[in-house]
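The structure appears right after this line, and notes come after that.
The numbers here are math on the coordinates, done by the rules we state, and not lab data. Since the structure is predicted, the reported quantities are computational estimates derived from the model, not experimental observations. No Cβ is skipped: glycine too gets one built from the backbone with ideal geometry, and neighbour counts run over all protein chains shown.
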Amino acid sequence: MKSTTRGTLAVVLTCVAAAATGAATASPAAAVPVPVPLEGAETALGMELPQIGFQLPTPRPGVPDGPRYVEGRLLPERTLPQLPVNSALPGADVRAPLPRLLGDDYDHLGVAAPASDLRTLSPGLDVDAPLTGPSRDHFGMPEPKLPEVGVLAPVVQTMPGAELVMGPGL
């Protein structure tokens, strides 16, 4: 292979690796705001109704950490890899009117629970065969051993938060 061909191939592989790494480490998917329209009901009922809005998450699957070959094992480590999924917890924003006892004005009571990042890893599986690798002591034949099976536990990471507010005006 010519040196120019090797150089071109190295540049292409570097660009592909950089693009894959950038896609894997991108920020978690944002939540899409969804308002609940209650203006028509306010007009029909002749009263103030709460203002409600939600934030719905859009999950984004990540790149799994593939199997790793380990010396001394016939099957690779992490036979069934864990799949990372980044998303957000659903959020909500509710503002309800509170009538004042004296007067015609309104105060408000609000609850804001913004969408918070959510990182998860699906369960995985780690399996090893009931045989060892080829052995010099047995003329290249594998030795029997106990099979190994392990379940990689799922992971969930998040930090939700909420805010309760009461104040004048709607």
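Table for the structure above
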| item | result |
| --- | --- |
| Cβ-Cβ under 8 Å pairs, at least 6 apart or on other chains, the stretch 143-170 side over 29 Å from PRO57 (Cα atoms) and in contact (Cβ under 8 Å) with a residue 40 or more places away in the chain, far side surrounded by fewer than 10 Cβ atoms within 10 Å (Cβ to Cβ) and among the polar types (S, T, N, Q) | none |
| Boolean, ASP117 is closer than 28 Å to PRO33 by Cβ, touching a residue at least 60 places away in the same chain (Cβ under 8 Å) and crowded, with 16+ Cβ neighbours inside 10 Å | yes |
| Scan of the stretch 44-82 for residues that are within 29 Å of the chain's Cα centre (by Cα) and among the acidic types (Asp, Glu), ordered by number | ASP65, GLU77 |
| Subset of the stretch 140-170 (residues that are over 26 Å from PRO67 (Cβ atoms), outside any strand (DSSP E or B), touching a Ser or Thr at 6+ places or on another chain (Cβ under 7 Å) and not small (Gly, Ala, Ser)) | MET159, PRO160 |
| Pairs where the first residue, in the stretch 46-65, is touching a residue at least 60 places away in the same chain (Cβ under 8 Å) and the second is among the small types (Gly, Ala, Ser), C-beta under 7 Å, 6+ apart | GLN55/ALA31; GLN55/GLY91; GLN55/ALA115; PRO57/ALA29; PRO57/ALA31; PRO57/SER87; PRO57/ALA88; PRO57/ALA115 |
| Selected residue [aliphatic (A, V, I, L, M), under 16 Å from the mean Cα position of the chain (by Cα) and at negative phi] from VAL111, VAL94, VAL155 | VAL155 |
